[in-house]
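What follows draws every value from the coordinates through simple rules; no lab data is involved. Note that this is a predicted model, so its numbers are computed, not measured. We place every Cβ from the backbone using ideal geometry, glycine too, and count neighbours over all the protein chains shown.
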Amino acid sequence: MLILGFFFLLRPGEYAATDNPDSTPFRFQDVHLLINARRLNPFTAAEGELNQVNFIALEFTNQKNGVRGELIGLGRSGHPRWCPVYAILSRIRHLRAHNAALQTPIYQYYNHSWHAITSTMLTNQLRIAITALSSTYGIQPLDVSVRSLRASGAMALLSARVDTDVIRLLGRWRSDEMLRYLHVQSFPLVAPLASQMLRQGTYTLIPRIPIHG
């Protein structure tokens with residue numbers, strides 16, 4: 001679920017159980033699997049077909065901040081595990097193995113009975129990781145929560161110099177307020193600016209020539 005939150009720039013209530021009664025999570029029936037242009041049925045696709053899936057999409061069916069019927073999709077990341085396709089397939093396999101209903105949120109898991117992966121659980125996992133890595137990156141556990149994933153995913157896209165319009169589309173931001181904040185926080189983006197200003201900052205103004213009739 002952490003992988004999905006990061007790559008899809010999701011809000012916590014879309015991929016984890018929260019205390020917000022208005023949360024509208026993606027469900028088993030909202031998942032689309034594709035092999036190139038061929039769409040698979042996630043409930044009946046053979047295991048060999050699942051291994052070939054190279055594109056996955058989530059469909060907005062009841063989310064208030066999306067257009068009904070709209071799909072957001074991603075391909076494989078190239079990493080064997082830190083990959084949105086891997087994460088979705090892992091969820092699909094688990095839900096299918098326990099005969100989950102179509103309406104089952106993708107954050108549900110079965111252990112003798114059905115349970116929910118909560119935003120608190122995910123925040124705790126993030127903070128455990130930060131505790132182990134804080135000396136390397138200077139981040140403290142209380143600096144992060146599950147809400148950090150949405151900003152972290154957007155920051156990763158900005159640092160990769162992905163067009164900001166594409167980031168807004170993926171994250172469904174209706175303004176560029178978040179992106180303006182992220183721009184000044186991204187080290188790879190702002191670190192070279194001073195040297196670029198010196199190298200490219202020499203310019204000549206176009207002279208204003210009076211025009212006589």
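As a proxy for reagent exposure, ranking Ile117, Ile128 by other Cβ atoms within 10 Å from fewest up yields Ile128, Ile117. Projected over every direction and averaged, the convex hull enclosing the alpha-carbon atoms of the chain yields 19.0 nm².
Note: region 10-122, Cα convex hull, 113 Å³ per residue.
Loop sites here are trypsin sites (Lys or Arg not before Pro) outside DSSP states H, G, I, E and B with no more than 12 other Cβ atoms within 10 Å. The longest part of the chain free of them is 82-160.
Under the membrane-span-like helix rule (DSSP H runs whose alpha carbons stretch at least 24 Å along the helix axis, mean Kyte-Doolittle hydropathy 0.5 or higher), the chain yields none. Label-to-label distance, Met178 versus Asn20, with points set 7 angstrom from Cα along the beta-carbon direction: 1.0 nm.
Would you mind ranking Tyr107, Tyr86, Tyr15, Tyr137 by Cβ crowding within 10 Å, fewest neighbours first?
In order of increasing Cβ crowding within 10 Å: Tyr137, Tyr86, Tyr107, Tyr15.
At 0.36 nm per residue, minus the direct Cα-Cα distance, what do Asn51 and Arg39 gain on full extension? Give it in nm, one decimal, please. Provide the component values of the computation, followed by the final result.
Numbers: separation 12, 0.36 × 12 = 4.32 nm, distance 1.36 nm.
Here the answer is 3.0 nm.
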